[in-house]
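Readers should treat all values here as calculations from the given coordinates under stated rules, not as data from a laboratory. Everything quoted here is computed from the prediction, not taken from an experiment. Every residue, glycine among them, receives a Cβ derived from its backbone with ideal geometry; neighbour counts consider all protein chains shown.
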Amino acid sequence: MNRAFALEIARLSGEHVVLVAVSVALAALIAIPLGIACTRREAIGRPALRIVDAIQTIPSLALFGFLIPLPFVGGIGAKTAIVALVLYALLPILRTTVTGIRGVDSVVREVGVAMGMTPRQLLVEVELPLAAPSILVGIRIATVTGIGLATIAALIGGGGLGTLIFRGVAMVDARLLLAGSLPAALLALIADFGISRVERRLSAPPSRDTRV
Amino acid sequence: MSCLVELIDVRVVRDERAILDGVSLRVARGEAVAIIGRSGAGKTTAIKVVNGIVAPEAGTVRLDGQSLAASDLVALRRRIGYVVQGVGLFPHRTVAENVGMVPRLLGWPQARIASAVESILDSVGLEPAHYGGRYPHSLSGGEQQRVGIARALAPEPDVLLCDEPFGALDPIVRRDLQELFVRLRRERGTTMLFVTHDLAEALFVGDRVVLIDAGRVVADSDAREFTSLADPIVRRFVDASGLGGEQ
Amino acid sequence: MSRAGVAVILGFVVAACARETRPVVVGSKNFTESVLLGELVAQTLESAGCSTERRLNLGGTLVCDKAIESGAVDVYVEYSGTALTAILARPVSSDSKRVTAIVREAYAARGLAWGPALGFDNTFAMLVRKSDSQRLHLATIGDLRKVALEFRPGFGYEFTERPDGWTGLQRAYGFELAQRPVAMDLGLTYRALAAGEVDLIAGNSTDGLIESLGLVVLQDDRAYFPPYEAAIVTAGAIDAKCPGARAALDSLAGRIDDAAMRRLNFEVDGRKRDVGLVVEEFRRSVGTQTPKRR
């Protein structure tokens, strides 16, 4: 493998990481507050979950077809790709946020209320910390699937490793296909491992508890 | 003695069933009232209307002369300790953080919180240096409920609400905790409502015993006289507890 | 009765027997245009009195070729450039007459007949918006040199990457656009062009979207793109199955130009209309009979 090709793979891997990181971060910024709202009001919860479910079933090509003519979020390039990736990442984060908050022990919640926590304090001091491992599972799923999914960015000139893959498909070149898929698989493994570690730290007995 | 907690003709309805069907109860400052009754009698609901977790459909609840309906519930709850069977310790917080939670919500300075936590942990028999940094899941059931009691008492509440706090503990641990609890409460003179289905426990912790059945107050008497009441429901309770023989 | 009369009667009997036992099998590939052409062939044969069996949507080029070679299919529509490179594995050529000659000869050697040509060429087409074409006077690919600085091209991966794609085109015409092409999904390039996100795309000359999105094909006046002329391929067995078949198919020669094929594609892809109805309508409009009802 020559040096220029290695550099290109590295550059596209970098673009790929940016696509996934930005889209998962934006999805979390939308899905976590939305998930909280879902647990507060059924009138928000049901429709929101249904819409996010429905988004998941739209094929990426069709989604891009909708997005290209739109002002601000549309057009071609990385921005539109990120909009699509954000939409796809909403579901796992929203679901696990709702599950995590609903899964908080009702006694713990009641004691929190009874000791005079405001709804906001209850959320920040009790519900979110206890739901955090579950929310992180959602972020991990969104990230790992997002790394696979981000190859679609190349459908609209958004860069990333999909560029190599689609080039490989068009040219029937297995070397290009591998150069695109192997780094993507590697990124997925790294992300899975890294976020799992954070999850374990949050949900397992903290190491401090044996300290005396 | 002034009246600190007052329930006047309180009615609570859930799923078209009256959980509390016109309950009136007055608790004087410093008094300990044990509420007994069978499962589903409404005794838990009777204390949950006191801190506003359950809002009554009718009737009035007053704390220190002020109606709950007109009070800031958040501020009011910080003056009321709450101890429940499931304990409900925050699993992601250390023992010290759990105990210091309400003082923190009340905005006490750090140093005051730390010393209050230390002294109350000491009082409930948990060595602060050893237990303060531990997490709830590493404690035994008895230790967890000691933390629960400490957490309720730490902010020096006006009223203590207890819902079967020792129901899940083995008899020996339970006896220890009952004794500790009665001693702490007497020392501090904290007003208390204590729900239990165990008559012996009610007689032990309460100055007064109130029997609730089917959402109504059936008996309300001094603890020393309770077992000699003639009411048929009281008699059944007394006989079932095996405490009637002493008469 | 004259001998000629006997021969005619015998001929009918033979034809009738053949029709009863062995219908003409019409194949097509699995995309709209090929299915449309398969349907056109089938209806034309039916109106000539042949009985037919439709085997449309057969998969790709190689499936169709194997089917006609083995006798499973008697007739289907193939493109000259595809036959030359994909089936015969010969080098690409831009000379349409030469390509047809090579293909016809090679097919004859395989016992297959190449032709008649239907009249359109489904090749690459450089497309621009109609408004740009009018405003900037763009008619041929060579005219792109006028907009070399400002035009932003967007192509599918294949056209972007292949040496005989964009790179070769610019060399052949002797111009170079300042902006590198955005590589994206081929299907999405049409929308990107219509939305003004790119200014030049490479599509298919018979795509129905060209008309419906208001696009213009730039003329390939230097014949850079290899020809993909559609022609009817028939196997020898068709004569035994239906003696009138060849004459009927010959009547389709040159009947469909690029614009007509675009309209047909758009009727099906864009308007979601039934292929059979679209073909019937087309045949009526160009004056061939509607099929006999059985």
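Counting Lys +1, Arg +1, Asp -1, Glu -1, what net charge surrounds A:Ile101 among other residues with beta carbon under 10 Å of its beta carbon? Neighbourhood net charge equals +2.
To the nearest 20 debye, what is the magnitude of the charge dipole of the range C:180-268 about its Cα centre, counting +1 on the Cβ of each Lys and Arg and -1 on the Cβ of each Asp and Glu?
Values: 8 positive and 13 negative charges, 43 e Å.
In debye, rounded to 20, the range C:180-268 gives about 200.
Note on the protein assembly as shown: with charges restricted to the Cβ of Lys and Arg (+1) and Asp and Glu (-1), its dipole about the Cα centre is near 1100 debye. Residues considered: A:Ile135, A:Ile44, A:Ile55. Largest GNM mean-square fluctuation over chain A, using C-alpha springs under 10 Å, is found at A:Ile44. Mean partner shielding of peptide C:182-195, defined as the number of other chain Cβ atoms within 10 Å of each residue Cβ, is 6.
What area, in nm² and to one decimal, does the C-alpha convex hull of the range C:82-143 cast on average over all directions?
Numbers: hull surface 22.4 nm².
Directional mean of the projected Cα hull area for the range C:82-143 stands at 5.6 nm².
Divided by 2.2 N^0.38 Å, where N counts the residues, the Cα radius of gyration of the range C:124-218 comes to 0.96.
Under a Cβ-Cβ cut-off of 13 Å, what is the net charge of the residues other than B:Ser119 that fall near it, where Lys and Arg count +1 and Asp and Glu count -1? Taking every Cβ under 13 Å from that of B:Ser119, the sum is -3. Can you bin the range A:2-55 into rounded, prolate or oblate? Criterion: square roots of the alpha carbon gyration tensor eigenvalues sorted a ≥ b ≥ c, rounded for a/c under 1.5, prolate for a/b above b/c, oblate for the rest. Because a/c hits 1.5 or more and a/b exceeds b/c, the range A:2-55 counts as prolate. Scalar couplings 3J(HN,Hα) for the range A:159-175, obtained by applying the Karplus form with A = 6.51, B = -1.76, C = 1.60 to θ = phi - 60°, are x, x, 5, x, 3, 5, 5, 5, 4, x, 5, 5, 9, 6, 10, 5, 5 Hz; x denotes Gly and Pro. Couplings 3J(HN,Hα) for the range B:5-13, derived from phi with the Karplus relation 6.51 cos²θ - 1.76 cosθ + 1.60 (θ = phi - 60°), are 10, 9, 10, 10, 6, 7, 10, 10, 10 Hz, where x marks Gly and Pro. Summary of the geometry: the range C:122-144 and the range A:148-197, compared by the centres of their Cα atoms, lie 35 Å apart. Residues whose amide H falls under 5 Å from that of B:Val49, counting only those 5 or more places apart or on a different chain, are B:Val54, with hydrogens built in the peptide plane. Label positions at C:Arg171 and B:Arg14, each projected 7 Å from the Cα along the C-beta direction, are separated by 8.2 nm. Computed from the C-beta positions of C:Asp274 and C:Val63 and an R0 of 30 Å, the FRET efficiency is 0.80 to the nearest 0.05.
A:Leu70 to A:Ser203: extension gain in nm, 0.36 nm per residue of separation minus the Cα-Cα distance? List each step's numbers first, then the result.
Working: separation 133, 0.36 × 133 = 47.88 nm, distance 4.22 nm.
Contour length minus Cα-Cα distance gives 43.7 nm.
Express as a percent, rounded to the nearest 5, the fraction of DSSP beta bridges in the protein assembly as shown (both residues included) that run antiparallel.
If we restrict to bridges inside the protein assembly as shown, about 60 percent are antiparallel.
Look at the dipole of chain B built from charges on Cβ: of B:Val12, B:Ala69, B:Leu161, the Cα furthest out on the positive end belongs to B:Ala69. Spatially, the range A:38-92 and the range B:92-162 are offset by 46 Å when compared through their Cα centroids.
Using the average count of surrounding beta-carbon atoms within 10 Å as a protection proxy, the listed peptides A:80-92, B:122-134 rank, highest first, as A:80-92, B:122-134.
Determine the shape class of the range A:3-202: with a ≥ b ≥ c the square roots of the Cα gyration tensor eigenvalues, call it rounded for a/c under 1.5, and otherwise prolate if a/b is greater than b/c, oblate otherwise.
On the way: a/c = 3.17, a/b = 1.88, b/c = 1.69.
Because a/c hits 1.5 or more and a/b exceeds b/c, the range A:3-202 counts as prolate.
Highest mean first, the peptides A:6-16, B:91-101 sorted by other C-beta atoms within 10 Å per residue fall in the order B:91-101, A:6-16.
For B:Gly59, the residues whose amide H sits under 5 Å from its own are B:Arg11, ignoring neighbours fewer than 5 places away on the same chain, with H placed 1.01 Å from N. Averaged over the residues of B:85-94, the number of partner chain Cβ atoms lying within 10 Å of the residue Cβ comes to 6.
In this rough spin-label picture, where each label sits 7 Å from Cα along the Cβ direction, the B:Ala75-A:Ile190 distance is 5.5 nm. Computed from the Cα positions only, the extents of the range A:1-120 along the three principal axes stand at 66, 34, 23 Å, in decreasing order.
Under the convention that each Lys and Arg Cβ holds +1 and each Asp and Glu Cβ holds -1, the size of the dipole of the range C:124-218 around its Cα centre is about 260 debye. Structural size metrics of the range B:106-247, computed from C-alpha coordinates, are Rg and Dmax of 17.5, 54 Å. Comparing B:Phe237, C:Ala106, B:Thr196 along the charge dipole axis of the protein assembly as shown, the residue lying farthest to the positive side is C:Ala106, per the Cβ-charge model. For chain C, the gyration tensor built on C-alpha atoms gives a prolate shape. Its axis ratio a/c (a ≥ b ≥ c) is at least 1.5, and a/b is the larger of a/b and b/c.
Can you work out the FRET efficiency for the pair C:Arg145 and C:Gln219, with r the C-beta to C-beta distance and R0 = 22 Å, to the nearest 0.05? Given R0 = 22 Å and the Cβ-Cβ separation, E is 0.95.
Give me the tail of P(r) for the protein assembly as shown as a percent: Cα-Cα pairs with distance above 37 Å. The partial results should precede the final answer.
Working: 175367 of 283128 pairs.
When every Cα pair of the protein assembly as shown is considered, 62 percent fall beyond 37 Å.
Computed 3J(HN,Hα) for the range C:213-227, one whole-Hz value per residue from the Karplus formula 6.51 cos²θ - 1.76 cosθ + 1.60 where θ = phi - 60°, is 9, x, 10, 10, 8, 7, 5, 8, 6, 9, 6, 6, 7, x, x, glycine and proline marked x.
Dividing the summed helix terms, -39500 (n - 2.57) for each DSSP H run of n ≥ 4, by the number of residues in chain B produces a 222 nm estimate of -10000 deg cm²/dmol to the nearest 500.
Could you point to the residue in C:Ala237, B:Cys3, A:Ile135 farthest towards the positive end of the protein assembly as shown's charge dipole, with +1 and -1 charges on the Cβ of Lys/Arg and Asp/Glu respectively? Checked the options; the winner is C:Ala237.
Reported to the nearest whole Å, the Cα centre-to-centre distance from the range C:68-112 to the range B:16-63 is 93. Search the structure for amide H atoms under 5 Å from the amide H of B:Asp220, placed 1.01 Å from N in the peptide plane, and list their residues when 5 or more places away or on another chain. For B:Asp220, whose amide H was placed from the backbone, the distant partners under 5 Å are B:Leu211. Mean per-residue shielding of peptide C:197-207 is 1, counting Cβ atoms of other chains within 10 Å of each Cβ.
Here the peptides B:20-26, B:186-192 are ranked by packing, the mean other Cβ count within 10 Å, and the order with the highest first is B:20-26, B:186-192.
In the range C:168-294, how does Rg compare with the Kirkwood Rh, expressed as the Rg/Rh ratio over alpha carbon atoms? Walk me through the numbers on the way to the answer.
Working: Rg = 19.3 Å, Rh = 18.0 Å.
Reported Rg/Rh (Cα atoms, Kirkwood Rh): 1.07.
Site pair C:Gln134 and C:Gln179 shows an inter-label distance of 2.3 nm when each label is modelled 7 Å from Cα along Cα→Cβ.
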